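Please treat every number below as a calculation from the coordinates, not as lab data. Model, not experiment: these values are computed from the prediction. Glycine gets a Cβ as well: all are built from the backbone with ideal geometry, and neighbour counts include every protein chain shown.
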Amino acid sequence: MSEISNLDQNLSIKKIDKDTINVQISNNEMLMSIVGQFDQNLKDLAKLTSTNIFFRGNSITCKGKRQNTEAFSEAIKFLINKYFLTKIIEKEDILLAVKKNIEQKESNVKSFQQLIKTPRKSVIARSEKQSDYIKALKENDIVMSLGPAGTGKSFLAVSVGVTMLMEKKIERVILSRPAVEAGEKLGFLPGDMKEKVDPYLRPLYDALYELFGADKIDKKIESGEIEIAPLAFMRGRTLKNCFAILDEAQNATETQIKMFLTRIGENSKLVVNGDPSQIDLINKSQSGLIRSKNILKHLKEIKVIEFDHNDVVRHPLVSKIIRAYQNKSADD
């Protein structure tokens with residue numbers, strides 16, 4: 001037997017023969033996180049790598065073609081790194097661990113260069129673009145991100161913004177969206193304006209609650225440290241000492257995006273996120289997202305990040321759905 005690697009005193013990966021690899025994990029908590037409830041993570045790894053995996057005690061044995069057992073070995077290293085950073089292994093980490101080795105054929109360590117620690121969970125970059133995006137959010141005054149659903153545009157921006165608030169680097173976080181209906185009319189909804197627009201801002205609430213907890217976030221909203229408002233409410237304001245996110249910007253006109261960006265004040269960061277393929281405006285040509293990107297991309301102070309289906313971190317079907325629609329558009 002020849003030892004392939006020993007990343008840490010808790011981990012040993014050994015090559016038994018050309019088709020068999022054995023993994024020994026002495027840290028029981030780490031082991032159970034990687035194995036998963038009812039061994040589900042191992043079952044998913046076996047399916048994704050086309051191998052047979054056997055688990056007993058602290059030992060995991062993987063059998064299959066050489067390239068597939070190597071993919072399993074790299075996936076284990078990826079998951080160990082993830083566990084060390086966040087103390088948790090999530091379902092999407094299993095797919096990502098294999099995807100990065102098989103599809104990209106490159107080191108997985110790059111993804112861990114950007115880490116955001118929030119009270120309820122630690123968030124890591126799950127692709128090189130996400131890593132670039134997090135870095136841009138931390139270092140640039142204005143960031144524009146374009147790309148399909150599921151690439152983490154809003155979630156990561158909320159993570160960075162509220163973390164800066166908790167660390168008292170800023171005084172407020174402002175989350176905004178154009179009040180544009182996806183087929184429904186605001187006037188038919190019950191309640192005042194806040195109650196009418198809250199459903200359209202729900203994804204931002206969901207991200208806040210997942211990362212920081214409902215009680216803490218509700219208190220921040222009550223105190224005004226976190227403000228969630230339609231884009232129209234930004235007109236005439238100067239945003240100082242804040243982190244402001246304009247989400248769903250594909251539904252904003254060029255004039256509205258210009259209005260939002262020119263609100264920037266001292267010690268503030270502005271983020272514009274949108275998916276050009278999901279415009280809900282009646283006249284889709286009025287969308288100002290791509291035009292604004294093209295107008296501003298030459299300014300060195302503004303960082304533009306463009307995601308594609310390879311950066312989707314939701315269910316693997318999301319990426320396939322996006323590609324299917326893109327292919328249909330190309331054929332039409």
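Descriptive notes on the structure:
- With neighbour counts taken as other beta-carbon atoms within 10 Å, the residues H309, H298 rank, fewest first, as H298, H309.
- Summarising the amide proton neighbourhood of I16: residues at separation of 5 or more, or on other chains, whose placed amide H is nearer than 5 Å comprise I21, N22.
- Positive minus negative residues near S285 (Lys, Arg vs Asp, Glu; Cβ under 13 Å): +1
- Distance from the Cα centroid of the range 123-144 to that of the range 33-102 is 27 Å (rounded to whole angstrom).
- Candidates per GluC sites (Glu not before Pro) in the range 135-174, loop by DSSP, up to 11 other Cβ within 10 Å: E167
- Neighbour-count ranking [beta-carbon atoms within 10 angstrom, fewest first] of T69, T255, T61: T255, T61, T69
- Residues L45, L85, arranged from fewest to most other Cβ atoms within 10 angstrom of their Cβ, appear as L85, L45.
- Distant-in-sequence amide H partners of E248 (H built 1.01 Å from N, under 5 Å): N273
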